[in-house]
Amino acid sequence: MSTGATRSEIEHATEILRSGGLVAFPTETVYGLGASADIDHAVHSIFEVKRRPQSHPVIVHTHDVSTAQQYAAEWNAHAVTLAAQFWPGPLTLVVPRNPNRASVAAGGLATIGLRIPDHPVALDLLRSLGSGVAAPSANRFGSVSPTTAEHVWDDLGDDVELILDGGPCRSGVESTIVECIDEPKILRLGGISDGEIAEVLGLDGVAIGGTTSAPGTLAKHYSPRARVLVLEHADHIDRLAEGGDVRVIGMHEDVTMSPHVILAAQTVEEYAHGLYAALRSADDEGAGLILAVLPKGEGLARTVRDRLQRAAAP
Ligand code: TXA
Ligand code: MG
């Protein structure tokens, strides 16, 4: 499997985007389903392929800050600091939108989500196009985000003209979304922790949550077909795993003794990296129940807990 794309693949992908088509591409978080942010019908077709409600806003990806700023009406001091510190990287900034740009991508909102991803294939593609690419995660609405090109193919198949293969995503969970309007607010936990955001901004803390129509903030999201049961600790895991067709995921020290283990992470980074692939493989094997022991601690552990709790929501 390659981790780069050839020049001719990038040129082909750029042509597809320019003519209003869809290209799936790797980022360091998850794979995106991209369309030119400046072609309304192209962005509409993202919603059709994902089977996602039209009113849900999509992140616009760019290769540099000045291109991102073309989509914004305001760029406050917090946005300046966060972009300088974390871009390219797993951070999305929500800022007031330039009213003349990307209204469909923004789901008609007066704000826009912007991100520079940290992946060579994504950056090559964005640089080659020279303007914004609207891209949600490249999965059907409500299902688990794809972290390999195969996952994208399994979900979307021929509905997307081209899938650029950049290998497995490094981080494996979606970007942290920070609203930079007045006081900064974290709208979705992700690859960068609330502590890191607060520290860089010189604040004691940053509010988490807030009002948004973000699908990643719906309780039921990121869900496999199998039922997910989250556990605070592994004490009764063997008894819970008796009988049915069960798979177990967790930190190595919690789950290593248990049969049916499909993910035993040595670090929380490894947990995040393998999480979605593990949920998908449990489904592929037809498992009925996934027992997930929650990782402890702050930072990325909190993001993994967030995704598991959403996957387990009834
Ligand atoms: O890591 C990521 O963020 C990946 C990669 C492909 O960049 N993208 C991703 O996109 O996770 P998606 O569409 O699956 O989730 C984007 C989230 C949604 O919850 C959406 O509602 C929120 O970002 N969002 C986008 N624009 C917004 C806006 N203007 N205001 C509030 N939330 C916004
Ligand atoms: Mg998504």
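The values are calculated or read from the model by the stated rules, or taken from the named source; none is laboratory data. Because the structure is a prediction, the values reported are computed rather than measured. No Cβ is skipped: glycine too gets one built from the backbone with ideal geometry, and neighbour counts run over all protein chains shown.
Output the number of the condition that Trp153 fails; it satisfies all remaining conditions of (1) of a type outside the set (Ser, Thr, Tyr); (2) part of a strand (DSSP E or B); (3) away from ligand 2 (no atom under 16 Å from the Cβ).
So Trp153 meets the others, but not (2).
Name every residue in the stretch 95-125 that is of a type in the set (A, V, I, L, M) and within 15 Å of the chain's Cα centre (by Cα), in order of residue number.
Passing the criteria: Leu114, Ile116, Ala122.
Just to be sure I understand, how many residues within the stretch 159-176 are under 19 Å from Glu269 (Cα atoms) and either outside any loop (DSSP other than H, G, I, E, B) or within 11 Å of ligand 1 (Cβ to nearest atom) (or both)?
Counting residues in the stretch 159-176 that are under 19 Å from Glu269 (Cα atoms) and either outside any loop (DSSP other than H, G, I, E, B) or within 11 Å of ligand 1 (Cβ to nearest atom) (or both) gives 7.
Could you look through the stretch 29-54, keep only residues that are assigned to a loop (DSSP other than H, G, I, E, B) and within 15 Å of ligand 2 (Cβ to nearest atom), and pick out the one that is nearest to Ile177 (Cα to Cα)?
The extreme case among them is Thr29.
Note down all Cβ pairs under 9 Å where the first residue falls in the stretch 44-73 and is at positive phi, the second is among the small types (Gly, Ala, Ser) and within 16 Å of ligand 2 (Cβ to nearest atom), and they're at least six residues apart or on different chains.
Between residues of the stretch 44-73 that are at positive phi and residues that are among the small types (Gly, Ala, Ser) and within 16 Å of ligand 2 (Cβ to nearest atom), the close pairs are Arg51/Gly142.
Taking only the stretch 161-184 into account, find how many residues are away from ligand 2 (no atom under 16 Å from the Cβ) and either surrounded by fewer than 20 Cβ atoms within 10 Å (Cβ to Cβ) or under 19 Å from Ala5 (Cα atoms) (or both).
Adding up the residues that qualify gives 12.
Exactly one of (1) near ligand 1 (Cβ under 9 Å from one of its atoms); (2) farther than 22 Å from Ile208 by Cα; (3) in contact with a strand residue (DSSP E or B) (Cβ under 6 Å, 6 or more places away or on another chain) is unmet by Ala149. Its number?
With (1) near ligand 1 (Cβ under 9 Å from one of its atoms); (2) farther than 22 Å from Ile208 by Cα; (3) in contact with a strand residue (DSSP E or B) (Cβ under 6 Å, 6 or more places away or on another chain) applied to Ala149, the lone miss is (1).
Are any residues in the stretch 187-198 outside any strand (DSSP E or B) and surrounded by 14 or more Cβ atoms within 10 Å (Cβ to Cβ), and if so, which ones?
Result: Leu189, Gly190, Gly191, Ile192, Ser193, Asp194, Glu196, Ile197, Ala198.
Suppose the filter is in contact with a Phe, Trp or Tyr (Cβ under 7 Å, 6 or more places away or on another chain) and in contact (Cβ under 8 Å) with a residue 40 or more places away in the chain; does Ala102 pass it?
On the way: in contact with a Phe, Trp or Tyr (Cβ under 7 Å, 6 or more places away or on another chain): yes; in contact (Cβ under 8 Å) with a residue 40 or more places away in the chain: yes.
Taking the combined requirement at face value, the residue satisfies it.
Among (1) surrounded by 15 or more Cβ atoms within 10 Å (Cβ to Cβ); (2) away from ligand 2 (no atom under 16 Å from the Cβ), there is one condition Asp158 misses while meeting the rest; what is its number?
So the condition that Asp158 fails would be (1).
Return only the number of the condition from (1) more than 10 Å from ligand 1 (Cβ to nearest atom); (2) at pLDDT 95 or above; (3) in a loop (DSSP other than H, G, I, E, B) that Gly142 does not satisfy.
For Gly142, the exception is condition (2).
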